[in-house]
Amino acid sequence: MKNQKNYIAFFFILIFTLSSSIATADTEIYFIRHADVDIKSKKRLLTDAGKERAKKLVDAMSGKKLTHILVTDFPRTKNTAKPISKERNLDIEVIPYKGKKAIGPMVNALKNIPDGSDVLVVANSSNLFPIMSKMGVKTNDSMPCKTKKCFDRQVFDNIWHVTISGDNVTMVGSKY
């Protein structure tokens, strides 16, 4: 009888542990704008400062496990992600649409990422806030609007850390 109670107790502990770990698989998404570019240039490739900032991203993301890197289809976003991709030995997944057309495909890609993933998203000022908004982020001090209208085009050092926990979405902004 005592062994049977032990097995029953063990069974309930196991079920509780498994259900708790499944229910608490938060997804962490780190949104950044591509590194510094000359905004007056048509090609908008990374400047020397942008290449240095891309390297600084590696340090800024230390301690974050990162399971995926997604970028919009521009050389500046890919080149921003290259140093961390190389350091982490992670492939860069390019979402194959440009400009505002990337918003829907990026949101779809993010919604198909498995729960519990840690994702770095490198995008452009024209689509960062709309993507975050469609992922459930509410406007606040770090994301003052849902479009690029309130986006400072001279700023390249923001990280918007979004946590998705079931239906709860939170976001904290910081600099790197």
>> Restricting to DSSP H runs of at least four residues, report the calculated mean residue ellipticity at 222 nm for the chain, -39500 (n - 2.57) per run over all residues, nearest 500 deg cm²/dmol.
In response: -11500 deg cm²/dmol
> In percent, how large is the relative contact order of the range 25-175, given Cα pairs closer than 8 Å and 6 or more residues apart?
Replying inline: 33 percent
>> Report D for the range 25-175 in µm² per second (integer): Stokes-Einstein, Kirkwood Rh on Cα pairs, 10 °C, 1.306 mPa s.
In response: 104 µm²/s
> How far is the Cα center of the range 109-140 from the Cα center of the range 141-176, in Å?
Replying inline: 9 Å
> What ranking of Asp38, Asp167 emerges when the number of other C-beta atoms within 10 Å of each C-beta is taken as an exposure proxy, fewest first?
Replying inline: Asp167, Asp38
>> For a Förster distance of 25 Å, can you work out the FRET efficiency between the beta-carbons of Val155 and Thr67, rounded to the nearest 0.05?
In response: 0.35
> Can you sort Arg153, Arg53 by how many other beta carbons sit within 10 Å, fewest first?
Replying inline: Arg153, Arg53
>> Suppose each label sits 7 Å from its Cα in the direction of the beta carbon; what would the Lys56-Val172 distance come out to in nanometres?
In response: 2.0 nm
>> Take the residue pairs Lys51/Lys111; Lys40/Lys138; Lys100/Lys134; Lys42/Lys100; Lys40/Lys82 and return only those whose Cα atoms are more than 25 Å apart.
In response: Lys51/Lys111; Lys40/Lys138
>> Using Cβ contacts closer than 10 Å as the measure, can you line up Thr47, Thr77 from fewest to most?
In response: Thr47, Thr77
> What shape does the range 97-148 take by its C-alpha gyration tensor, where a ≥ b ≥ c are the square roots of the eigenvalues and a/c under 1.5 counts as rounded, a/b above b/c as prolate, and the rest as oblate?
Replying inline: oblate
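A short reminder: the numbers here are calculations on the coordinates, not readings from a lab. What you see is a predicted model, and the numbers here were worked out from it, not measured in a lab. Here Cβ is always computed from backbone atoms with ideal geometry, including for glycine, and neighbour counts include all displayed protein chains.
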